[in-house]
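Novice: Below you will find the structure I want to go over with you.
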Amino acid sequence: MQPSPFPPVPEATAAVARAAFRRLPLPVRLRDAFGALYEDADFAALFPVRGQPALPPWRLALATVLQFLEGLSDRQAADAVRARIDWKYALGLELSDAGFDYSVLSEFRARLVAGGVEQMLLDRLLAHAAARGLVKARMRQRTDSTHVLAAVRVLNRIELVGETLRAALNALAAAAPDWLRAVAPPEWHQRYDHRVEESRLPPSDAARERYLRAAGADGAALLAAVDAPDAPRGLRELPAVDVLRRVWARHYARNPGGAEASGAEGDDEDAGAVRLRTKGELARAPRGAESPYDADAGYHNKRSVAWVGYSVHLSETCAPGAPRLVTHVDTTPAGRAEATRVEAIHAALAAKDLLPAEHLADGAYISAAHLARSAEAYGVTLFGPTKPGSAWQRREGGLTADAFRIDWERERVTCPAGHESTRWRAYDDPGHGRHGRGTPPRDPFVRVGFAKRTCQACPLQARCVRSPRTGRQLLLPSRADHAALAAARARFASPEGRAAYAARAGIEGTVSQAVRAGGLRRARYRGLAKTHVQAVATATALNLARLDAWLAGRPLGPTRVSRFARLAA
């Protein structure tokens, strides 16, 4: 690619556009307002310096954003470049320009993913807005997430196992056909030559159980053959083989003493090298893939919504007297807790010099550690409802940890009955989980214990501990985290705090706009990286529409109220 200067709008294109439209369309208004939204130099690192001349990447970037602004497919966007006057105006093209093939847009997205610069679509627009003073550091912001359905079919357990093995066999057949022909027994062709669908599965539960055990033995045998010293090089690194390992690690457990033989269709589960995990074991099993055709997609069940796909976290400004602009997009596989993304979001906003002074979020993002770290490391006041806790004392009206008085200097805790703790131990090792080493790590905490004899004789024992044979134990956050948590709870309980937090509700409208107008609910592409490109392009398109409304002086629309709801008012 040879970067070229940003061209002006051709005279003929400008004359026809202004004569054809009584009211200039959005692409024309955006070109007049922002001019060079992108430049070739922004994407120079994505292209080689020698070879076939590339199309100007600034045009491809702008066409991509316009495509998501109108919810067009690649073919429709290429047709718009070829046939629409407003798009030719925005892209600086002659009326006779034939445009480009629709496949160019897919290749451009692939370059963005390979270079890891897909966020540039949003960041360049934010830089233009910052130059006009419409977005800047320390402006109040808010964050929320929404679910995105992966572009794959949801599979049940037996379909997932069979289709994962079939996908691995197809990948190995393309990479090492002669080797696989010698490894695969004839019965594998009967089971895995065709797609695993409900209509082809055994009808009875017992037969399906035998199929799962047979597939488990077949997959274990295939993995053993791939890992053998005489296997062709490179087979272990195939993506389909990696998915096979992940699925088998989740749904099957190693059978001690089992034979490494395939085709174990008998009733004896010890005949194979692996055994099928029970449903109770799946809860503790490693997280696996949910589809062999989109290994990044995860499964999550959030309240009444269960889905296979991704989660997109949108952060936007919400300061009075300024437009509501999306400042950052964070995309993760479904199942990643919102609280784990707070640090990444703040780090990304710091890199853009767009850190807020106050960051509003719902309770899923709030924890004692994040409250303290956000203020200490970034100078950000993270604000939202804190989790009340799940201890039985809170559910049944017992004595919660809030009823105990903590003396951090003496390392003592006094219970409501006036008794002091006898044990105090701080855990700062991140590898030490809540229930001991080897369990999932958590933030630094303090384990406090009371004497068993003291609790047995206490008149408040029934409201404090379950069993009369044990003493009360408390798990407290560190001193700094505890202070931050107490301050956040006190502020949220005050009328001023609740009034300030009311601004967070506006992010729901942004999520709705991204889903309904931008089509964010369903992933257009497969894989985390390409889904992230879709989310970033959608957010950039939302910002373009909002900047256009702001520059035109159109106020924010009020929240719609149904006719029936108005009766109550």
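The values are calculated or read from the model by the stated rules, or taken from the named source; none is laboratory data. Nothing here was measured: the structure is a model prediction, and the numbers come from that model. Note that each Cβ is placed from the backbone with ideal geometry, even for glycine, and that neighbours are counted across all protein chains shown. Accessible surface is based on the protein model in full, side chains and every heavy atom, while ligands, DNA and RNA are left aside. Shrake-Rupley method; radii C 1.70, N 1.55, O 1.52, S 1.80 Å.
Novice: Relative to the present Cα-Cα distance, how much length would full extension add between Phe564 and Gln52 at 0.36 nm per residue of separation?
Specialist: Values: separation 512, 0.36 × 512 = 184.32 nm, distance 6.27 nm.
My answer for the length gained is 178.1 nm.
Novice: Any idea how many Lys pairs in the chain come in under 24 angstrom at the alpha carbon, given 8 or more places apart or on separate chains? Before the final figure, lay out the partial values.
Specialist: Details: Lys136/Lys352; Lys279/Lys302; Lys302/Lys387; Lys302/Lys530; Lys352/Lys530.
Lysine pairs, 8 or more places apart or on different chains, close enough: 5.
Novice: Let me ask something else. Just subtract the alpha-carbon distance of Ala110 and Gln456 from 0.36 nm times their residue separation and send over the number in nm, one decimal. Write out the running numbers ahead of the final one.
Specialist: Working: separation 346, 0.36 × 346 = 124.56 nm, distance 6.63 nm.
Once the chain is fully extended between Ala110 and Gln456, it gains 117.9 nm.
Novice: Still on this model: Given the C-alpha centroids of segment 297-332 and segment 164-218, what is the distance between them in whole angstrom?
Specialist: That distance is 39 Å.
Novice: Which of the trypsin sites (Lys or Arg not before Pro) found in segment 50-133 are in a DSSP loop and have at most 10 neighbouring Cβ atoms, other than their own, within 10 Å?
Specialist: Working: sites: Arg50, Arg59, Arg75, Arg82, Arg84, Lys88, Arg109, Arg111, Arg124, Arg132; in loops: Arg50, Arg84, Arg132.
Those satisfying the criteria are Arg50.
Novice: Right, here's the next one. I need to check one value: relative contact order of segment 369-518, counting alpha carbon pairs closer than 8 Å and at least 6 residues apart, in percent. Working shown, then result.
Specialist: Values: 182 pairs, mean separation 30.7, N = 150.
Reported as a whole number, the value is 20 percent.
Novice: With viscosity set to 1.002 mPa s at 20 °C, what whole-number translational diffusion coefficient in µm²/s follows for segment 356-398 from Stokes-Einstein and a Kirkwood radius over Cα pairs? Walk me through the numbers before you get to the answer.
Specialist: Values: Rh = 11.4 Å.
For the chosen part, D equals 187 µm²/s.
Novice: Counting only heavy atoms of the protein chains, get the accessible area per residue of segment 458-514 (1.4 Å probe) and round it to a whole Å² value. Let's see the in-between values first.
Specialist: Values: 3040 Å² over 57 residues.
On a per-residue basis, 53 Å².
Novice: OK, next. Obtain the nm distance between the two label points defined at Ala490 and Arg405 by a simple spin-label model: each point lies 7 Å from its Cα along the Cα-to-C-beta direction.
Specialist: Placing both labels 7 Å beyond Cα along the Cβ direction yields 1.7 nm.
Novice: Further question: Please compute one quarter of the surface area of the Cα convex hull for segment 150-217 and express it in square nanometres.
Specialist: Details: hull surface 20.9 nm².
Dividing the Cα hull surface by four gives the mean projection, 5.2 nm².
Novice: Hey, any idea what the orientation-averaged projected area of the convex hull of the chain's Cα atoms comes to, in nm²?
Specialist: 36.6 nm²
Novice: When the distances between all Cα atoms of segment 1-45 are binned every 10 Å from zero, what whole-number percent does each bin get?
Specialist: Bin by bin from 0 Å, the calculated values are 24, 44, 25, 8, 0.
Novice: Turning to a different aspect of this structure: Using amide H atoms built in the peptide plane, which far-off residues or other-chain residues are under 5 Å from Leu382 H to H?
Specialist: Under 5 Å from the amide H of Leu382 lie the amide H atoms of His359, Ala375, each far enough along the sequence or on another chain.
Novice: Determine the relative contact order of segment 142-221: mean sequence separation of Cα pairs under 8 Å and six or more apart, normalised by residue count, in whole percent.
Specialist: Relative contact order here is 43 percent.
Novice: Hey, what's the Kirkwood Rh for segment 413-569 if you take every pair of different alpha carbons, in angstrom? Display every interim value, and only then the final one.
Specialist: Values: mean 1/r = 0.0460 Å⁻¹.
Taking the inverse mean of 1/r over all distinct Cα pairs, segment 413-569 comes out at 21.7 Å.
Novice: Roughly how many Å² is the accessible area per residue of segment 54-208, as a whole number, for a 1.4 Å probe? Kindly include the intermediate steps, with their values, before the conclusion.
Specialist: On the way: 6770 Å² over 155 residues.
Result: 44 Å² of accessible area for each residue.
Novice: Counting Lys and Arg as +1 and Asp and Glu as -1, each charge on the Cβ, what is the dipole of the chain about the Cα centre in debye, to the nearest 20? Mind showing how you got there, number by number?
Specialist: Details: 81 positive and 61 negative charges, 496 e Å.
Around 2380 debye, computed over the chain.
Novice: Follow-up question, since we're still on this one. Roughly how many Å² of Arg210 are accessible to a 1.4 Å probe, to the nearest 10?
Specialist: 90 Å²
Novice: Just want to confirm a number: the relative contact order over the chain, from Cα pairs under 8 angstrom separated by 6+ residues, in percent.
Specialist: Working: 855 pairs, mean separation 93.0, N = 569.
Dividing the mean separation by the residue count of the chain yields 16 percent.
Novice: What accessible area, in Å² to the nearest ten, does a 1.4 Å probe give for Leu238?
Specialist: The accessible area comes out at roughly 40 Å².
Novice: Another one. Given a Förster distance of 22 angstrom, what is the FRET efficiency for Lys387 paired with Ala500, based on the Cβ-Cβ distance and rounded to 0.05?
Specialist: On the way: r = 19 Å, r/R0 = 0.88.
The calculated FRET efficiency here is 0.70.
Novice: Okay, next question. How big is the charge dipole of segment 98-164 about its Cα centre, in debye rounded to the nearest 20, if each Lys and Arg gets +1 on its Cβ and each Asp and Glu gets -1 on its Cβ?
Specialist: Working: 10 positive and 7 negative charges, 122 e Å.
Computed charge dipole of segment 98-164: roughly 580 debye.
Novice: Going from most exposed to least, what order do Trp58, Trp424 have by accessible area with a 1.4 Å probe? Before the final figure, lay out the partial values.
Specialist: On the way: Trp58 10, Trp424 50 Å².
My answer, sorted largest first, is Trp424, Trp58.
Novice: Based on alpha-carbon positions alone, could you give the equivalent ellipsoid semi-axes of segment 12-141 from the gyration tensor, as √(5λ), descending, whole Å?
Specialist: On the way: eigenvalues 112, 98, 34 Å².
They are 24, 22, 13 Å, listed largest first.
Novice: Turning to a different aspect of this structure: Quickly rank 367-374, 551-558, 387-394 as a protection proxy: mean count of other C-beta atoms within 10 Å, highest first. Walk me through the numbers before you get to the answer.
Specialist: Numbers: 367-374: 23.1, 551-558: 9.2, 387-394: 12.4.
Highest mean packing first, the order is 367-374, 387-394, 551-558.
Novice: What whole-number distance in Å separates the alpha-carbon centres of segment 3-76 and segment 478-524?
Specialist: Cα centroid of segment 3-76 versus Cα centroid of segment 478-524: 36 Å apart.
Novice: Leaving ligands, DNA and RNA out of it, report the carbon-plus-sulfur percent of the accessible area of segment 165-221 at a 1.4 Å probe. Write down the numbers at each step before the final one.
Specialist: Numbers: 1480 of 2940 Å².
In segment 165-221, the share of accessible area belonging to carbon and sulfur is 51 percent.
Novice: Any chance you could look up the accessible area of Asp402 with a 1.4 Å probe, heavy atoms only, rounded to 10 Å²?
Specialist: Its heavy atoms expose roughly 100 Å² to the probe.
Novice: When N counts the residues of segment 290-399, how does its alpha-carbon radius of gyration compare numerically with 2.2 N^0.38 Å, as a ratio? Mind dumping the intermediate values first?
Specialist: Numbers: Rg = 16.6 Å, N = 110, 2.2 N^0.38 = 13.1 Å.
In units of the globular-protein estimate, segment 290-399 measures up at 1.27.
Novice: Follow-up question, since we're still on this one. Computing the accessible area with a 1.4 Å probe over protein heavy atoms, can you report the carbon and sulfur percentage for segment 334-393?
Specialist: Values: 1240 of 2270 Å².
The C+S portion of the solvent-accessible surface of segment 334-393 is 54 percent.
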